[in-house]
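A.B. asks: Sharing a structure below in structure tokens format, with a few things to ask.
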Amino acid sequence: MIKTFTPNDVIRYVYKETSAEENKLIAYTLLTDTDLRTFYEEILGIKQEISKIMREPSDKVLGQILTYSREFQTNRP
Amino acid sequence: MEKSLVSDGALVSLYQNGNEKAFELLVKRHKSKVYTAIYLIVKDSYIAEDLLQDTFIKAITTIKTNRYNEEGKFLPWIVRIAHNLAIDYFRKEKRYPTVILEDGSNVFNTLNFSEDSVESVQIKMETHEKLKEMIQKLPEQQKEVLLMRHYADMSFQEIAEATGVSINTALGRMRYALINLRKQMTKYNINYDQNIYPK
């Protein structure tokens, strides 16, 4: 029986949450279903762009957090 | 190299036993993801730093009073704390969006999420900065799933359980989030690498 994959399945595939068996079937479907392949390529591209977004907090705030932790320990009864 | 092999769960245990170095390692390991998740909600680096501090204070208190029981799931746990604090901030400021559609596509273009700060006005219009803005403007439910998947490393099943919806709903929200971002990227003519089809 041929399994039909949905965009939700493609999202699970892009985020590596599909089983090995599903991977094979989805990869095959992407070769033959151009709409799903287009969706896959676009979603994968956006996922990769999002993955590059990262901001760093200042050293000052990190220092305050670590100081709070040390003092919490010191002040414990 | 070896340090990265120490699991979060092991570090939390060490920290519970008074090892401050273990906590420092946890902070270093996860600071960027937690901070970025907050920043993408509040869009102000000063507020994001305040909330980051509040997040870790809550974590410190919970762990040091032996109320932590997430068993190795430190990152999803702390990102959830961060997310809740960021959402509370908006509720207190009365800037929380009131119209949230399951689809989200209508809301996306008109959502008046918050006043632009001086900082956001100065934001450079390069791809990542623009993408950050787009994520910030996503409807809350879509943004929540996206942040949990990308910054808390939660699976869609875990997100579904954490948010009290079915996995299909969680996946649907992610799908609309990504479709919305794609639409906006196309609108602003932002290109991403399209030569990514797997080998």
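A.B. asks: Would you report the distance distribution of C-alpha pairs in the range B:1-96 as whole percents per 10 angstrom bin, up to the bin with the largest distance?
C.D. replies: Spelled out bin by bin, the range B:1-96 gives 16, 48, 27, 9, 1 percent.
A.B. asks: For all pairs of alpha-carbon atoms in the range A:7-75, what percent lies in each bin of width 10 Å, listed from the first bin to the last filled one?
C.D. replies: Calculated over all Cα pairs of the range A:7-75, the distribution is 17, 30, 14, 13, 17, 8, 1 percent.
A.B. asks: Are there trypsin sites (Lys or Arg not before Pro) in the range A:1-45 that DSSP marks as loop and that have at most 14 other Cβ atoms within 10 Å, and which are they?
C.D. replies: Numbers: sites: A:Lys3, A:Arg12, A:Lys16, A:Lys24, A:Arg37; in loops: A:Lys3, A:Lys16.
Qualifying residues, ordered by number: A:Lys3, A:Lys16.
A.B. asks: Averaged across the residues of A:63-72, what count of C-beta atoms belonging to other chains lies within 10 Å of each residue's C-beta?
C.D. replies: On the way: counts 0, 5, 13, 7, 0, 5, 12, 4, 1, 6.
Partner Cβ neighbours, averaged per residue: 5.
A.B. asks: Let me ask you something else. Within a 10 angstrom radius of each residue's Cβ in B:168-180, how many Cβ atoms of other chains show up on average? Whole number is fine.
C.D. replies: Numbers: counts 2, 0, 2, 9, 3, 0, 7, 7, 0, 3, 11, 5, 1.
If you average over the peptide's residues, the count of other-chain Cβ atoms is 4.
A.B. asks: For chain A, set up a Gaussian network in which alpha carbons nearer than 10 Å are linked by springs, and say which option among A:Thr67, A:Thr29, A:Thr18 fluctuates the most.
C.D. replies: A:Thr67
Quick note: the coordinates plus some simple rules give every number you see, no bench work behind them. These numbers come from a predicted model, not from an experiment. Cβ: placed from backbone, ideal geometry, glycine included. Neighbour counts: every protein chain shown.
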